[in-house]
1. I'm told residue 60 meets every condition in (1) in a helix (DSSP H, G or I); (2) away from ligand 2 (no atom under 16 Å from the Cβ); (3) touching a residue at least 12 places away in the same chain (Cβ under 8 Å) except one. Can you identify the failing condition by its number?
2. Assess whether residue 144 counts as being surrounded by fewer than 20 Cβ atoms within 10 Å (Cβ to Cβ) and in contact with a helix residue (DSSP H, G or I) (Cβ under 8 Å, 6 or more places away or on another chain).
3. Could you grab me the full set of residues in region 4-19 that are touching a residue at least 12 places away in the same chain (Cβ under 8 Å) and surrounded by fewer than 18 Cβ atoms within 10 Å (Cβ to Cβ)?
4. Looking at (1) within 16 Å of ligand 1 (Cβ to nearest atom); (2) modelled with pLDDT under 95; (3) in a loop (DSSP other than H, G, I, E, B), find the lone condition where residue 122 falls short.
5. Condition test on residue 22, is it away from ligand 1 (no atom under 16 Å from the Cβ) and either modelled with pLDDT of 95 or more or touching a strand residue (DSSP E or B) at 6+ places or on another chain (Cβ under 7 Å) (or both)?
6. Where in region 193-242 are the strands (runs of 3 or more DSSP E), entirely inside, with at least 2 residues that are within 16 Å of ligand 2 (Cβ to nearest atom) and assigned by TED's automatic domain parsing to the domain that holds residue 40?
Ligand code: ASP
Ligand code: MG
């Protein structure tokens, strides 16, 4: 067969047991595919620790970031010790781990001496987790007689300079991949590429936003014309809702690119929202699979003839911020202020999800991406309030954190019997805003945070019972 790109997430590389699964999957697929490309995330929890180290360095807390580096060293060395590696490989790997962490310590040191250091330094620090993981996986492959080679994506993925949330340039990346990755494939090497990280054209390190290893896999797949992409996680596939919120959540066998893009954008944490676009364009099929159940099919995401679809498949929930005012008129300035606040706190530009006006009122709602982290709602809200207060205006705006609950299913716009049932199950819950997605496969409700659990349960029951319904 042709070329397969497989991405292994943080949980798949985080323990010896999971790493042995990774090895057996790669051994098996190596037999079946002509070319294999592996993309890895950092061990789970590592990027959070690296971020913390970067913040401590900015604050000049030397002891704090040193402690983190020591913990990271112990964790990675313990993992390596428990793997069946050849002695010579194991010693060299430990040396590599030390070198990477030592360099990182150096960057932290510079940062605490000069706290105004560039954002590039933060990206350099937080990308170390992927570099460590790629080296471990590559050595593990070599110990099983596969030609695994760790590749830093700074040599492959060329991005803009939005540090912390960079976007790759497909053309420049394709060129680099042609020069630096394709020759490896012809030599039967299995490249083990660091997810999440890239570099500007000038060579400054960048990262693609939290959860960005998925995006790396999709960009690489598109640039090498891969036949398929497989994302290995520790859940059974894309789910009808977040199983941590609702235990009855079910695996969805099949989704279209539009459906999964909406699901990821509106809160499903399994996939990075921006990874879908490139795959959709080239119609590269994507599988989401559970590393611990490799024989289970998982979820297939591919092109589906949308006229055949007649059910709602999932419900997702995400945090957002709404603004309301007794004002009716141009909204340009308020949108600009929100954009600046969101960009300052999360590195994301504000995408207006809903903007509605009546004769004497305005309502706006923005999504706070899950990738921005758990603190993002609070920090964005206070940043926005600060900017609003410092601006002179007679009509004050009220900023309120909200949840956005989104129902996903192709042609939801044509399924009036289902939309009627959705409104029916939500009866008694105040709906602050409402939007139908432009791809016609999502319907979103803006609700007060306290209504989240109740609404999610009610709609999820409908999702489960709607399977197979037709007009
Ligand atoms: N390690 C990075 C993160 O935790 C990227 C990823 O896991 O996809 O966000
Ligand atoms: Mg992820």
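The values are calculated or read from the model by the stated rules, or taken from the named source; none is laboratory data. Small disclaimer: the values here were computed from a predicted structure and weren't measured. Reconstructed Cβ throughout: ideal geometry from the backbone, glycine too, with neighbour counts over all protein chains shown.
1. In the conditions (1) in a helix (DSSP H, G or I); (2) away from ligand 2 (no atom under 16 Å from the Cβ); (3) touching a residue at least 12 places away in the same chain (Cβ under 8 Å), residue 60 misses (1) alone.
2. yes
3. Within region 4-19, 15, 16 meet the criteria.
4. Answer for residue 122: the failing condition is (3).
5. Answer is no for this residue.
6. Output list reads 228-233.
Per-residue answers, yes or no, for (1) over 17 Å from residue 354 (Cβ atoms); (2) more than 30 Å from the chain's Cα centre (by Cα):
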{"residue": "394", "(1), (2)": "yes, yes"}
{"residue": "402", "(1), (2)": "no, no"}
{"residue": "421", "(1), (2)": "yes, yes"}
{"residue": "434", "(1), (2)": "no, no"}
{"residue": "461", "(1), (2)": "yes, no"}
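To keep it simple, each residue is scored yes or no on (1) under 21 Å from residue 107 (Cβ atoms); (2) within 14 Å of ligand 1 (Cβ to nearest atom); (3) surrounded by fewer than 24 Cβ atoms within 10 Å (Cβ to Cβ).
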{"position": "175", "(1), (2), (3)": "no, no, yes"}
{"position": "178", "(1), (2), (3)": "no, no, yes"}
{"position": "184", "(1), (2), (3)": "no, no, yes"}
{"position": "189", "(1), (2), (3)": "no, no, yes"}
{"position": "200", "(1), (2), (3)": "yes, no, yes"}
{"position": "208", "(1), (2), (3)": "yes, yes, no"}
